[in-house]
Amino acid sequence: MGTIVAVAILAAVGFWAVAAYNGLVAKRNQVRNAWSQIDVQLKRRHDLIPNLVETVKGYLAHERGVLESVTQARSAALSAGDDVAARAAAENQLTRALKSVFAIAEAYPELKASQNMLALQEELSTTENRIAFARQFYNDAVLAYNVACESVPTNLIARSFGFRTEPMFELDDVAERAVPKVSFG
């Protein structure tokens, strides 16, 4: 009778270990999928930037530094690879560079009214929203995966099979985290 109980306990532990391992694999794959979604949206943004630069180049001839910073930031973002921290830093730099282009463009009424500029602003705005949603999905997937990797008892399986926590894709610009001030007069 004692042997049957021992075998049953051993079988239950074995089934639990397999289920825990499979759960970790599923969560890790969800993180990878979420990262792919971010990557798709970032590529979309990167593809729009040359059009933006060409559109504003004629209007902002004396603002060459701004356009060069956007081009350099885009190159850095494209070459950042799949390291989440490096990619986040490069993308945050690109976001700041794009904001400076749009801030300067405000001073040029004919540029602001240009159909190409309006269309590009709309495309970039839509893309930025998609990136924000993809970041949220990624960070949610990372949170679930990291909790599984660090929680007892699944952390035993995670450690044994080389599952490592993943970094969040975070903003580094403090100004973007601040609550905007609204004034009606």
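Laboratory data are not the source of any read-out in this text; all were calculated from the coordinates shown. All of these numbers come straight from a predicted model, not from anything done at the bench.
Mind pulling the angle between the C-alpha long axis of helix 115-150 and the longest principal axis of the chain? Nearest 10 degrees, somewhere in 0 to 90.
The answer is roughly 20 degrees.
Mean separation of Cα pairs under 8 Å and 6+ residues apart, divided by the residue count of the range 34-109: what relative contact order is that in percent? Kindly include the intermediate steps, with their values, before the conclusion.
On the way: 37 pairs, mean separation 22.4, N = 76.
Worked out over the range 34-109, it gives 30 percent.
Among I131, I104, I38, which one shows the highest mean-square fluctuation when the chain is modelled as a Gaussian network with alpha-carbon springs under 10 Å?
Between I131, I104, I38, it is I104 that shows the largest mean-square fluctuation.
Counting only C-alpha contacts under 8 Å and six or more residues apart, can you give the relative contact order of the range 19-172 as a whole percent? Walk me through the intermediate numbers first.
On the way: 130 pairs, mean separation 56.0, N = 154.
This gives 36 percent for the range 19-172.
Given (i) 20.3, 67; (ii) 22.2, 85; (iii) 23.6, 89 as candidate values of Rg and Dmax of the Cα atoms in Å, which corresponds to the one derived from the coordinates?
Checking each listed value against the structure points to (iii).
Quick one: among E91, E110, E123, which has the greatest mean-square fluctuation in a GNM of the chain with alpha-carbon springs under 10 angstrom?
E110
May I ask for the angle, rounded to the nearest 10°, between helix 2-57 and the longest principal axis of the chain, with both axes built from Cα atoms and the value confined to 0 to 90°?
10
Using helices alone, what [θ] at 222 nm do you get for the chain, with -39,500 (n - 2.57) per DSSP H run of 4 or more residues, divided over all residues and rounded to the nearest 500? Write down the numbers at each step before the final one.
Numbers: 7 runs with 144 residues, N = 185.
Taking each H run of at least 4 residues, the total per residue is -27000 deg cm²/dmol.
Going by alpha carbons, how many degrees (0 to 90, nearest 10) lie between the helix axis of 64-78 and the longest principal axis of the chain?
Approximately 20 degrees, to the nearest 10.
Using a Gaussian network for the chain with springs between C-alpha atoms less than 10 Å apart, which of these wobbles most: V13, V31, V53?
Its mean-square fluctuation being the largest, the pick is V13.
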